[in-house]
Amino acid sequence: MPAATKTANILRAGEEFGNGFLILDKGTDEGIAEGDIVVTSERILVGTVQETGKGFSKVALAMNPGQAYDGEILPLGVHTLLRGLGAGTFSLGLIPGDRIVRRGDLVRVSVIGISEEILAAEVANVKTPGGGGAFQEIYALALADPARLNVVLIIQKTVIPVSGSPSRMP
């Protein structure tokens, strides 16, 4: 069953202490909660709701330093940790040196409570380990450009407990 989504207008885009954010016109009165995922209409990752109140939500952009998501490099199916670096870039961590990752490969994120496919980035630079290193150094570019967006979707994280009725993720 797909997660519930809400369409939201972007009221403001800005930067605070080097981190990009969006202010949306949907909030707690619409069932939006911290941790909900924000995507484009094409299901491209934009960020995560970090603060919410009546009639608004503040979204931390996925590419901000300190933001991290579980991911998978396609078409390999190799799991990775996608970490925001700022300026529309990510690093991909824990990719063994023997895996063939190519420029142009896509990165899909996995979010607990959301079964939908969410793409996040495209591999831009691959450095294989030298001198006995075990992991590759891989950088990717964000697929979403928040500066060009007016409307986004908020994917509400839900779980189905044993009782069978949906509830919000913690």
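The values are calculated or read from the model by the stated rules, or taken from the named source; none is laboratory data. Every value quoted in this text rests on a predicted model; they were computed, and no experiment measured them. Every residue, glycine as well, gets a Cβ built from its backbone with ideal geometry; the counts of neighbours run over all protein chains shown. These area figures cover heavy atoms from the full protein model, side chains too; ligands, DNA and RNA do not enter into them. Shrake-Rupley method; radii C 1.70, N 1.55, O 1.52, S 1.80 Å.
Miscellaneous remarks
- With all protein chains modelled, accessible area of residue 115 [1.4 Å, Å²]: 100
- Cα→Cβ-extended label distance, 7 Å offset, between residue 103 and residue 43, nm: 2.9
- Surrounding net charge for residue 43, when Lys and Arg each add one and Asp and Glu each subtract one, Cβ distance under 13 Å: -2
- Excluding ligands, DNA and RNA, the accessible surface per residue across the chain is 52 Å² with a 1.4 Å probe.
- Signed unit charges on C-beta, dipole axis of the range 1-82, positive-most listed residue 79, 31, 9: 9
- The packing ranking, built from the mean of other Cβ atoms within 10 Å per residue, places the peptides 32-39, 99-106 in the order 32-39, 99-106, highest first.
- Carbon/sulfur fraction of accessible area - the range 1-101, other protein chains in place, 1.4 Å, %: 51
- Reported label for calculated semi-axes √(5λ) of the Cα gyration tensor in Å given [x] 51, 15, 12; [y] 37, 19, 15; [z] 30, 19, 12: [z]
- Computed from the Cβ-Cβ distance with R0 of 22 Å, the FRET efficiency linking residue 51 to residue 91 stands at 0.30.
- Subtracting the Cα-Cα distance of residue 124 and residue 137 from 0.36 nm times their residue separation leaves 3.6 nm of extension gain.
- Rounded to the nearest 10 square angstrom, residue 12 shows an accessible area of 130 square angstrom against a 1.4 Å probe.
- Put a plus charge on the Cβ of each Lys and Arg, a minus charge on the Cβ of each Asp and Glu, and nothing anywhere else: the dipole of the range 31-141 about its Cα centre is then about 240 debye.
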